[in-house]
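Accompanying notes for the structure given below.
The values are calculated or read from the model by the stated rules, or taken from the named source; none is laboratory data. Since the structure is predicted, the reported quantities are computational estimates derived from the model, not experimental observations. Every residue, glycine among them, receives a Cβ derived from its backbone with ideal geometry; neighbour counts consider all protein chains shown. These accessible areas exclude ligands, DNA and RNA; they are computed on the full protein's heavy atoms, side chains included. Shrake-Rupley method; radii C 1.70, N 1.55, O 1.52, S 1.80 Å.
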Amino acid sequence: MTDTTSTAHTTDSPAVSATSRRPRTWIAGTVLTVLIAAFLVVDVLGKLFQPDSVVEGTAKLGFTADQATVMGIVLALCTIVWLIPRTAVLGAVGITAYLGGAVTANWNDDAPLVSTTLFAVYLGVLLWVAMFLRRPALLSVFGLRSDR
């Protein structure tokens, strides 16, 4: 006797699999976020553990080792706040402010414009691109897209 009432399938229907997957923009934003976070963590660790190269670089910019430690703590806090989804925007604003300080410090040191001084601008733009890719609704908050 055959049971025709059982219709169990091992594959998901297209409607179920489409809703369970993340959009490609979210995945791209998450990949960018991981890469930027890795860079920021390396920066934090350098400022906190202060290898010779970091001490020399910050001294060249006019900062003491104690000031570098404070910068490392501030950047660590901003990065942690940025990585928490509920507070990501606040963290992004804090990191953007931190990067603005980096631009100013390099500008005052007469560092090369495109490769060094503007690097913080490039990083900040990528940070916000990652935010917009992960949370497209932010575009309308910033007036870059209307939800009509």
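Residues considered: 99, 133, 113. Largest GNM mean-square fluctuation over the chain, using C-alpha springs under 10 Å, is found at 113.
What does the charge add up to near residue 31, with Lys and Arg as +1, Asp and Glu as -1, over the other residues with Cβ less than 14 Å from its Cβ?
In short, +3.
Under the convention that each Lys and Arg Cβ holds +1 and each Asp and Glu Cβ holds -1, the size of the dipole of the chain around its Cα centre is about 600 debye.
Averaged per residue, the chain has 68 square angstrom of accessible surface, using a 1.4 angstrom probe with ligands and nucleic acids left out.
Per DSSP helix of 4 or more residues, -39500 (n - 2.57); summed, then divided by the residues of the chain. What does that give at 222 nm, rounded to the nearest 500?
Computed mean residue ellipticity for the chain: -22500 deg cm²/dmol.
The fraction of all Cα pairs in segment 42-116 landing in successive 10 Å bins from 0 to the largest distance is 19, 46, 29, 5, given as whole percents.
Computed in the context of the full set of protein chains, the accessible area of the chain at 1.4 Å probe radius has 67% of its extent on carbon or sulfur. The alpha-carbon atoms of the chain, seen along their principal axes, cover 85, 39, 26 angstrom, with the largest extent given first. Normalised by 2.2 N^0.38 Å, with N the number of residues, the alpha-carbon radius of gyration of segment 39-80 equals 1.04. Pick out, in residue order, every one of the trypsin sites (Lys or Arg not before Pro) in segment 17-98 that is DSSP loop and has at most 15 other C-beta atoms within 10 Å; say none if there are none. Answer by residue number: 21.
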